[in-house]
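Here the structure is laid out as structure tokens; the discussion comes afterwards.
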Amino acid sequence: MNHPIRRAESDTPRPESATPEAAAQTGQLVFNPPIDIFETEQGLVLLADLPGVTTETLELQVQDNKLTLIGRVSSPAPEGATLVHQEYAIGHFLRSFILSDEVDHERISAKLNHGVLEVVLPRASRPEPRRIQVTSD
Amino acid sequence: MAVFRWGQAFDAFRDLEREMDRLLAGVSLSFHGVRLGRQYPPVNLYELEDGLLLTAEIPGTRPDDLELTVADGSLTLKGVRSGPENIPDERFRRQERPRGPWQRKIALPERVQEDGLKAEFSNGVLKIFLPRAAAATPRQIPVSEGNTADVVPRLIEGETERRTEGGETV
């Protein structure tokens, strides 16, 4: 565990598969959005392609050590429009990740730009080593 | 000659394609919107009362990098999907998002008022409204007697006018 490479692997958020129950509930398709994760000086940055998702329809949850992103998408066409040619399907987005202890859960921030979600996962600052006073009677 | 009426030619394939999409949706969840052998970006087309609506998902394309041009009956979409800048490859733990320049040329159907095109781009979704042109009035073609040889259209077997299923004639 002390080997730097091993540690780098262990704190990679692990994607979990989208729950089929969520898809069944809405009766709509649910996609696993493509993501990028990279390291910076301050921590990790996660990018996810979520076209059609707005700040109102995006939900980001951190529960225990699990980060879940849920993006709801509605049809881009007005009511009464007939789909005459289809090359892509429209559905919601769902993906979750396991966060390591290295991430400061309290300081996670997110931005949504042109259909791309950017989540900044800052590294938790290591507590200072505490000196324990040893006394003798 | 082109005999197919645009907008109805896809009907036969639509149900099949939807069924295929439903089946494939369960398989290729991790590559939303990107399917092998297909042009980027994939587009959907809707028929509205007063025209057509073309939609495409192009997340990560900045409005400044998006270029739409109409010329000679075709619409060209051009853009760049930008990735994070100045991040060396070894810093990536996961890299699934497509990036780089893309371009797609789409033949516009007849009866679209080319100078009336309107585009909207928000949240990574591009919407292009193609207004329907006023119906053309029938034009009489004068026929004169001549001695030009008849031109017989050459038909290759298996390659009839039903070549629309490729989806490129949008």
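The values are calculated or read from the model by the stated rules, or taken from the named source; none is laboratory data. Keep in mind the model is a prediction, meaning the values are calculated, not measured. All Cβ positions, glycine included, derive from the backbone under ideal geometry; neighbour counts span all protein chains shown. Each accessible area value is taken on the protein alone, full model and side chains, heavy atoms only, with ligands, DNA and RNA left out. Shrake-Rupley method; radii C 1.70, N 1.55, O 1.52, S 1.80 Å.
Across segment A:40-82, the qualifying residues are those that are small (Gly, Ala, Ser) and exposed (fewer than 15 other Cβ atoms within 10 Å of the Cβ), and the one among them that is nearest to the other protein chains (Cβ to nearest Cβ) is A:80.
For segment A:83-106, how many residues are of a type in the set (D, E, K, R) and either open to solvent by 30 Å² or more (accessible area, probe 1.4 Å) or out of contact with any Leu (no Cβ under 9 Å at 6 or more places or on another chain) (or both)? The qualifying residues number 4. Of all residues in segment B:115-126, exactly one satisfies the criterion of being more than 15 Å from residue A:77 (Cβ to Cβ) and open to solvent by 80 Å² or more (accessible area, probe 1.4 Å), namely B:115. Taking segment B:55-80 as the range and being open to solvent by 10 Å² or more (accessible area, probe 1.4 Å), within 14 Å of chain A (Cβ to nearest Cβ) and not in a loop (DSSP other than H, G, I, E, B) as the test, the residues that pass are B:57, B:63, B:64, B:65, B:80. What do you reckon, is residue B:106 at pLDDT 90 or above, surrounded by 15 or more Cβ atoms within 10 Å (Cβ to Cβ) and touching a His at 6+ places or on another chain (Cβ under 9 Å)? For residue B:106, the condition - at pLDDT 90 or above, surrounded by 15 or more Cβ atoms within 10 Å (Cβ to Cβ) and touching a His at 6+ places or on another chain (Cβ under 9 Å) - is not met. Listed here are the strands (runs of 3 or more DSSP E) enclosed by segment A:56-110 that have at least 2 residues being more than 21 Å from the chain's Cα centre (by Cα) and not hydroxyl-bearing (Ser, Thr, Tyr): A:82-86. Against the list (1) away from chain B (no Cβ under 14 Å); (2) open to solvent by less than 40 Å² (accessible area, probe 1.4 Å), the condition residue A:121 fails is (1). Among the numbered conditions (1) facing another protein chain (nearest Cβ under 7 Å); (2) in contact (Cβ under 8 Å) with a residue 24 or more places away in the chain, the only one that residue A:85 does not meet is (2).
Please determine, by comparing only the residues of segment B:86-103 that are part of a loop (DSSP other than H, G, I, E, B) and not aliphatic (A, V, I, L, M), which one is least open to solvent (accessible area, probe 1.4 Å). The residue in question is B:97.
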